[in-house]
Amino acid sequence: MSSSPLFSMSTMKRDSFVMKTITSNKEFKFNVSNSFDKLPVTSPTLLLTGENSLKWGQNESLLRNRMQCCAVEVKNMPGYPMGKKFELDDVIEAQQFDRETLNAIFEVAKEMENIKKNSPGSQILKGYLMATLFYEPSTRTRLSFESAMKRLGGEVLTTENAREFSSAAKGETLEDTIRTVEGYSDIIVMRHFESGAAKRAAATAGIPIINAGDGPGQHPTQALLDVYTIEREIGKLDGIRVGLVGDLANGRTVRSLAYLLAEYQDVKIYFVSPDVVKMKDDIKKYLTRRGVEWEESGDLMEVASKCDVVYQTRIQRERFGERINLYEEARGKYIVDENVLKVMQSHAVVMHPLPRLDEITVDVDADPRAAYFRQAKNGLYIRMALLKLLLVGW
């Protein structure tokens, strides 16, 4: 993406102001009548524009639509000077995040944990609309995004089963759907059944797109909350041992998590899965290039005894199609139960992106090392942080 233009304030009145681009000398007028009285922030404040989201070279009409003015309370963060805009236009894949950005996002997430109802912070996104387009079923991801938006004062437009109950059922293309929905909203959160669909949406849209899972491809916001949970539970990210268990071929969560773990030092990853759903070679090659040690194993008990994190996943029936025999062969081979807990270290945790079937027995829930429901709750704070950063910046 080409660099964004620089802007200068040329005139300022109570009800409007004009901004001029230094590079192209175009002027844009913004009406902000009464908005300063409604904004729930105190000092210090900065007047910021949404130029970080602009794809420069688009037409002037789109630019006018995209440039939004708001007063934002900005705090200094390590590595990020006051007033710096979030450097990402969209959240599509885990490879977008480096270690410095991850640490900064986690600091914002911690701030989100402390936002109280009816406080100034709970109105950060007042006036913004988020559209959720989910072409596959979801409980935690969709509800946590919608809760995150509402907890920050924003509003939500939602479709729960867009594959069946939207114009997609009539044959409308994804690109046309995105072009339409972006006219109603400020940000789109999308789950799709095709790998790569989020990239197509981002290439089409003039507003931020968040990938909430694209088939067997990636699930970057899940990976963010997973790494955030590991840090909160274990107390560190360098030098950890992580066992990824279950459907590693079709599991988008484990793929994204592996990418993020590669940002940390002295990490070792164990892959434990049935033969028909082994981790794909692209992830193994990526980890090798990044100097991350990995090992495949068929012994869950041995791996669990060595790991700080046992990350269990379900065998995904929906990815097998008509190959029912292969699904039945894979299902139930690796189960986390009380016997696994007995060999795990006292500080280690069991994680799961959920939903679970029978791959973690219910008696594990009572053990303090069962972190999966705490993990799900952390998704709210990570998604609050992402929505804030994409819409109003640091």
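The values are calculated or read from the model by the stated rules, or taken from the named source; none is laboratory data. Here the structure is a predicted model, which means the values were calculated and not measured. We place every Cβ from the backbone using ideal geometry, glycine too, and count neighbours over all the protein chains shown. For accessibility, only protein heavy atoms count, side chains too; no ligands or nucleic acids. Shrake-Rupley method; radii C 1.70, N 1.55, O 1.52, S 1.80 Å.
Values for this structure:
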{"item": "Answer residue from the stretch 313-370, given it is open to solvent by 80 Å² or more (accessible area, probe 1.4 Å) and closer than 15 Å to Ser273 by Cβ and is modelled with the lowest pLDDT among those", "result": "Glu329"}
{"item": "Residue within the stretch 385-394 that is open to solvent by 10 Å² or more (accessible area, probe 1.4 Å), farther than 14 Å from Lys150 by Cα and without any contact (Cβ under 8 Å) to a residue 60 or more places away in the chain present", "result": "no"}
{"item": "Scan of the stretch 223-254 for residues that are within 18 Å of Glu359 (Cβ to Cβ) and part of a helix (DSSP H, G or I), ordered by number", "result": "Asp226, Arg252, Thr253, Val254"}
{"item": "Residue list for the stretch 179-194, filter: open to solvent by 20 Å² or more (accessible area, probe 1.4 Å) and either of a type outside the set (D, E, K, R) or without any contact (Cβ under 8 Å) to a residue 24 or more places away in the chain (or both)", "result": "Thr180, Val181, Gly183, Tyr184, Phe193, Glu194"}
{"item": "Odd one out for Ala385 among (1) in the same structural domain as Met301 (by the TED database); (2) at pLDDT 95 or above", "result": "(1)"}
{"item": "Any hit, the stretch 157-178, residues being touching a Leu at 6+ places or on another chain (Cβ under 9 Å), basic (Lys, Arg) and at pLDDT below 95", "result": "no"}
{"item": "Leading residue by the ranking (most open to solvent (accessible area, probe 1.4 Å)) among those in the stretch 276-290 that are free of Cβ contacts under 8 Å to residues at least 24 places away in the same chain and over 22 Å from the mean Cα position of the chain (by Cα)", "result": "Arg289"}
